1. Just to verify a result, which residue in region 14-26, among those that are free of Cβ contacts under 8 Å to residues at least 12 places away in the same chain and among the small types (Gly, Ala, Ser), is surrounded by the fewest Cβ atoms within 10 Å (Cβ to Cβ)?
2. Just one of Phe187, Phe204 is of a type outside the set (A, V, I, L, M) and touching a Gly at 6+ places or on another chain (Cβ under 8 Å); which is it?
3. (1) surrounded by 16 or more Cβ atoms within 10 Å (Cβ to Cβ); (2) of a type outside the set (Gly, Ala, Ser); (3) modelled with pLDDT of 85 or more; (4) closer than 30 Å to Ala208 by Cα: which one isn't true of Val254, the others all being true?
4. Which one is nearest to the chain's Cα centre (by Cα), of the residues in region 191-208 that are surrounded by 16 or more Cβ atoms within 10 Å (Cβ to Cβ) and of a type in the set (Gly, Ala, Ser)?
5. Restrict the check to region 55-71 and report whether at least one residue is open to solvent by 10 Å² or more (accessible area, probe 1.4 Å) and of a type in the set (Ser, Thr, Tyr).
6. Name the single residue that is surrounded by the most Cβ atoms within 10 Å (Cβ to Cβ) among those in region 27-47 being within 23 Å of Glu156 (Cβ to Cβ) and in contact with a Leu (Cβ under 9 Å, 6 or more places away or on another chain).
7. Please work out which one of (1) buried (at least 21 other Cβ atoms within 10 Å of the Cβ); (2) part of a helix (DSSP H, G or I) is the condition Leu278 fails and give its number.
8. Go through region 216-237 and count every residue that is surrounded by fewer than 14 Cβ atoms within 10 Å (Cβ to Cβ) and touching a residue at least 12 places away in the same chain (Cβ under 8 Å).
Amino acid sequence: MTARSLLFVPGDSEKKIAKSAALDADIIIFDLEDSVTPEHKSAARQRVREVLASATQRRVPELWVRINPLQTPEAMADLVVILHGQPDGIVLPKVRSADDVVQLARHLDEFEQRHGLQSGDMRILPIATETPGSVFTLGSYGHCGERLYGLTWGAEDLSAAVGATANQEADGSWTQPYQLVRSLCLFGASAAGVPAIDTLYADFRNPAGLRAACMQARRDGFEGKLAIHPDQVAIINASFTPSAEELAHARRVVDLFARNPGVAALALDGRMLDIPHLRQAQKILARSGTSVG
C-alpha cells in the first residue's frame, strides 16, 4: 500500500521527534535540510541516528530522512552518520536529474554491501522539481532501479530560482508554471511506474483548504501528500483512503471482467466499461492493500 501521508519533522527538535512516534503518518521524514540551520546540522544528524538505531525492527510509521542536496558536502556528512541507523528511505532534495538518484543508490549499495545488510531495503524519494533544469528530466526516472519509491515535487525553491514573486493565485491555486510542473511530476512518476506524491500544503491552519487540495490531488492521480504539521495527517490519510463505496464498486468491476475473460467492453449499472475502467479499479484496490486477484 502506498504511503498516504509523509510528515516532515525537524531533525534538531527533540520534542517534535518524540511526539512523532505517536502520530498516524504513514511515513515520518526526519529533516536535515531546510528546517535545520547550518550550526545545528551536526547535532541533528546524531539525534536522528540515535532515534533510528533505537527502532530495531521494521517500523510503522516508516522512518525516513531528508538529507541535504547531493551536490553539497553536507549530503555525504548526513549519509556517513544516518545510514548506520538504517532508515527506511531517503528523501533527496534539489535533484538535478535522475542521475542524482542513481548516484545516491550507489552509495546505498556500497553501504549495504560493506555492512552485510539486505540489498535494496532503503528506498529513495526525490523531490524532482526544485531546480529549473530538473523540470526537463521528469520523464527519465524509469532507469533509476528498484530503490525509486516515487516522485514528489516542490514549488518554493523552484520559484526562488527563477525569480518568481509568487507561485500561487489569490485563491491558493498554483500559477500556470507550477501547474505545469505538478502535472509533469505526475506523468513522470507514472512513466517510471512509481507513485506520485503531491507537495505540501503550507497553510496548516486551513483544514478545509487542505482537504480540497488533497481531494484534487487524488482525483488527478496522486497517491499521497507531504505534510508539515501533525494536524494535517488525519485529513491527508482520510482523503487518500478509498471509501467503502469506492472499494465495493472497484471490486464489482474487477469481478465482472474476471467472469468475462477476453471481453473488452462490458455493461455495469447501465454504463459501458472497458479496459481503462478495469485498470482504474485494479489501482484503487491495490492502493488500499486489497487483493485484485
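1. Ranking the candidates gives Ala22 first.
2. Result: Phe187 is the single residue among Phe187, Phe204 that is of a type outside the set (A, V, I, L, M) and touching a Gly at 6+ places or on another chain (Cβ under 8 Å).
3. (4)
4. Ala196
5. Yes, because at least one residue in region 55-71 is open to solvent by 10 Å² or more (accessible area, probe 1.4 Å) and of a type in the set (Ser, Thr, Tyr).
6. By that ranking, first place goes to Phe30.
7. (1)
8. 2
The values are calculated or read from the model by the stated rules, or taken from the named source; none is laboratory data. Just so you know, these numbers come straight off a predicted model, no measurement behind them. Note that we place each Cβ from the backbone using ideal geometry, even for glycine, and neighbour counts take in every protein chain shown. What goes into the accessible areas is simple: the full protein's heavy atoms, side chains included, and nothing from ligands, DNA or RNA. Shrake-Rupley method; radii C 1.70, N 1.55, O 1.52, S 1.80 Å.
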